[in-house]
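The block underneath contains the structure these notes are about, expressed in structure tokens.
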Amino acid sequence: GMGLGTIKQKARDMGANIVLFGHTHVPVNMEENGILFLNPGSLTSPRGGSARSYALLEIEKGKAAASVIEFSL
């Protein structure tokens, strides 16, 4: 599978600014070397001890702001 290290390398190779991914069901919201990595986690099947969550990505005038929001019933 594609681990975070592989995703980071691919993002650098492609010159990406933002990377969205979700297969792991574990939330990630981090910026590294000018690249934003965002995984919303999962509302129905959270893994890795994480809470149910979703992500919000706002892009305005070329600036990105991301947040992972925990959801409770």
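Could you report the chain's accessible area per residue, 1.4 Å probe, as an integer in Å²?
Values: 5100 Å² over 73 residues.
The answer is 70 Å² per residue.
Leaving ligands, DNA and RNA out of it, work out the accessible area of Ser67 with a 1.4 Å probe and give it in Å² to the nearest 10.
Rounded to the nearest 10, the figure is 40 Å².
In the set (1) -0.33, -0.78, -1.03, -1.23; (2) -0.31, -0.79, -1.15, -1.49; (3) -0.44, -0.93, -1.15, -1.30, which value of log10 I(q)/I(0) by the Debye sum over Cα atoms at q = 0.12, 0.19, 0.23, 0.27 Å⁻¹ was calculated from the structure you see?
Looking at log10 I(q)/I(0) by the Debye sum over Cα atoms at q = 0.12, 0.19, 0.23, 0.27 Å⁻¹ for this model, the match is (1).
Keeping all protein chains in the complex and leaving out DNA, RNA and ligands, what accessible area do you get for Arg12 with a 1.4 Å probe, in Å² to the nearest 10?
110
So what are the ³J(HN,Hα) numbers for the stretch 13-30, from phi and the Karplus equation (6.51, -1.76, 1.60; θ = phi - 60°), rounded to whole Hz, Gly and Pro as x?
4, 8, x, 6, 9, 9, 10, 10, 8, x, 4, 6, 6, 10, x, 9, 9, 9
Using a 1.4 Å probe, how large is the accessible area of Leu20, given in Å² and rounded to the nearest 10?
So the heavy atoms of Leu20 present about 110 Å² to solvent.
I'd like the antiparallel share, as a percent to the nearest 5, of DSSP beta bridges with both residues in the chain. Don't jump to the answer; show the numbers that get you there.
Working: 13 of 16 bridges.
Of all bridge pairs located within the chain, approximately 80 percent are antiparallel.
Subtracting the Cα-Cα distance from 0.36 nm times the residue separation, let me have the gained length for Ser67 to Arg52 in nm, one decimal.
Numbers: separation 15, 0.36 × 15 = 5.40 nm, distance 1.37 nm.
Between Ser67 and Arg52, full extension yields 4.0 nm more.
The values are calculated or read from the model by the stated rules, or taken from the named source; none is laboratory data. The model shown is predicted, which means the values in this text are computed figures rather than measured ones. All accessible areas refer to the heavy atoms of the entire protein, side chains included, with ligands and DNA or RNA removed. Shrake-Rupley method; radii C 1.70, N 1.55, O 1.52, S 1.80 Å.
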